[in-house]
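Visitor: Sharing a structure with you now.
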Ligand code: GLN
């Protein structure tokens, strides 16, 4: 098969299946086919990803192709540059065919806050795909593309991977450049891969990782070969299981499925102990203050002057800002801008932002303590399996609480991956594997042995 045939077949298949899945906001057949033809002509297939089609979450800048972050305020916005992670894939010969649906500005856990469309779960089209990277996850699980990139600020790669039964990795903070990723919360955001297998995931992370002069928070650490520990062997691996990850609010059937997965790792020779991460229950509150505060600042740039959508019939500059932002942002984005602006205000800063920052430190210390004696921490990725479209979206507090198992990993900057652990009522359950900073290799080792 030539790259051109593969890309054409991929585009045809997306056309045929996306009526139901609604995974993509935009496809770019012309530039994708052009890249495929150039690759076929050059005959350079030395990289494992050369000629392989992929999807990108629509918050990663792609030159000349609409990048909307699923918001009305960026409708028709075409960046003049491409995100570093995407550039690296391009250089490896991988071919992006489209921009995947997501929650508006990555705020949400079901992809239902998108201005454009409602993506469905690949296993059951009446269920949500999870979020915020729901389009990327559904596209991979639904067989539209072999891999996709997502971003994870509080669970947005791992939770949709869990809901769709695939592999999703949030690397260590700093592992992948955030340049060209539309910032939600800069101290938490990371780009990472969705794939159907652990090995594919490691191959993609090999390609997108590394220091970038244009992102001062990207790590200067050497990037190991993330496939090097994929031996299937976990003998002697020390696994910690936090008791808080099986507590109140976790669906009993999810717990049972995840415990069975952990027993399988134990049968393969790993040692498994119960541990405590005592500050887990404060993570959600701390996260929603820190994330909203950073987002309220990051989203100031969308003013109707520089990018995308601009309101009509405005009287003056102030009116232009107010009207554009009122009409351009959806409810969830507005809710968070208000919460964040409030948390950072002079009267509230000490009681909210500062307290949240202190909780963040306690959560980091919880993890550090466990990692003195253990190699990885495992538990469920999400408290439930995928729920019905429209079922939760009117209850933001319930949606926020559902992020309890993924948020601490972002607050501590750790790598975390979700792999499929089994099924409940024909819906996938995710096993979350959390590693030490920059130790994605051991996370992959664990997932590979289990898979
Ligand atoms: N569901 C979480 C939120 O709504 C996580 C989002 C994300 O990781 N981008 O903030």
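What follows draws every value from the coordinates through simple rules; no lab data is involved. Fair warning: this is a prediction, and the values are worked out from it, not measured in the lab. Ideal geometry is used to build each Cβ from the backbone, glycine not excepted, and the neighbour counts take in all protein chains shown.
Visitor: If R0 is 25 Å, what FRET efficiency do you get for residue 264 and residue 228 from their C-beta distance, rounded to 0.05?
Guide: 0.65
Visitor: Let me ask something additional. Please report 114, 255, 156, 296 as a ranked list, fewest other C-beta atoms within 10 angstrom at the top and most at the bottom.
Guide: Listed from fewest to most nearby Cβ atoms, that is 255, 296, 114, 156.
Visitor: Measuring from label point to label point, each 7 Å out along Cα→Cβ, what is the residue 256 to residue 350 span in nm?
Guide: 5.2 nm
Visitor: If you scale each eigenvalue of the Cα gyration tensor by 5 and take the root, what three semi-axes come out for the range 197-270, rounded to whole angstrom and sorted largest first?
Guide: They are 32, 19, 12 Å, listed largest first.
Visitor: Moving on to the next point. If one computes P(r) from the Cα atoms of the chain, what percent of pairs lie at distances over 40 Å?
Guide: 13 percent
Visitor: Next question. What is the distance in Å between the Cα centres of the range 342-421 and the range 175-203?
Guide: If we compute the Cα centre of each part, the gap is 17 Å.
Visitor: Take residue 320 and residue 368, extend 7 Å from each Cα along the Cα→Cβ direction, and tell me the distance between the two endpoints in nm.
Guide: For residue 320 paired with residue 368, the spin-label model returns 4.8 nm.
Visitor: Which order results if 45, 24, 329, 342 are arranged by neighbouring Cβ count within 10 Å, fewest first?
Guide: Arranged by neighbour count, lowest to highest, 45, 24, 329, 342 become 45, 342, 329, 24.
Visitor: What does the extension gain come out to for residue 285 and residue 297, with contour length at 0.36 nm per residue minus their alpha carbon separation?
Guide: My answer for the length gained is 2.4 nm.
Visitor: Beta carbons within 10 angstrom, averaged per residue: use that to sort the peptides 50-59, 347-356, highest first.
Guide: Those peptides, ordered most packed to least, come out 50-59, 347-356.
Visitor: Checking a compactness column here: for the range 248-407, what do you get for Rg(Cα) / (2.2 N^0.38 Å), N being the number of residues?
Guide: The value comes to 1.38.
Visitor: Please work out the FRET efficiency for the pair residue 338 and residue 81, using the Cβ-Cβ distance as r and a Förster radius of 25 Å; give the result to the nearest 0.05.
Guide: It comes out at approximately 0.20.
Visitor: Taking other Cβ within 10 Å of each residue's Cβ, how do 110, 292, 297 sort, fewest first?
Guide: If I rank by nearby Cβ atoms, fewest first, I get 297, 292, 110.
Visitor: Report the extension gain between residue 220 and residue 331 in nm, rounded to one decimal, defined as 0.36 nm multiplied by the number of residues separating them, less their alpha carbon distance.
Guide: Residue separation times 0.36 nm, minus the Cα-Cα distance, leaves 36.1 nm.
Visitor: Please tell me the relative contact order of the chain in percent, rounded to the nearest whole number, where contacts are Cα pairs under 8 Å and at least six residues apart.
Guide: The value is 18 percent.
Visitor: Now, a different point. Do the sum for the chain: with -39,500 (n - 2.57) for every DSSP H run of n ≥ 4, divided by all residues, what is the mean residue ellipticity at 222 nm, to the nearest 500 deg cm²/dmol?
Guide: Helix contribution divided over all residues of the chain: -11500 deg cm²/dmol.
Visitor: While we're here: Out of the DSSP beta bridges found with both residues in the range 3-208, what percent are antiparallel (nearest 5)?
Guide: Bridges in the range 3-208 are about 60 percent antiparallel.
Visitor: Go from 0 up to the bin containing the longest alpha carbon distance in the range 3-208, width 10 Å each, and give me the % of pairs per bin.
Guide: 10, 41, 39, 9, 0
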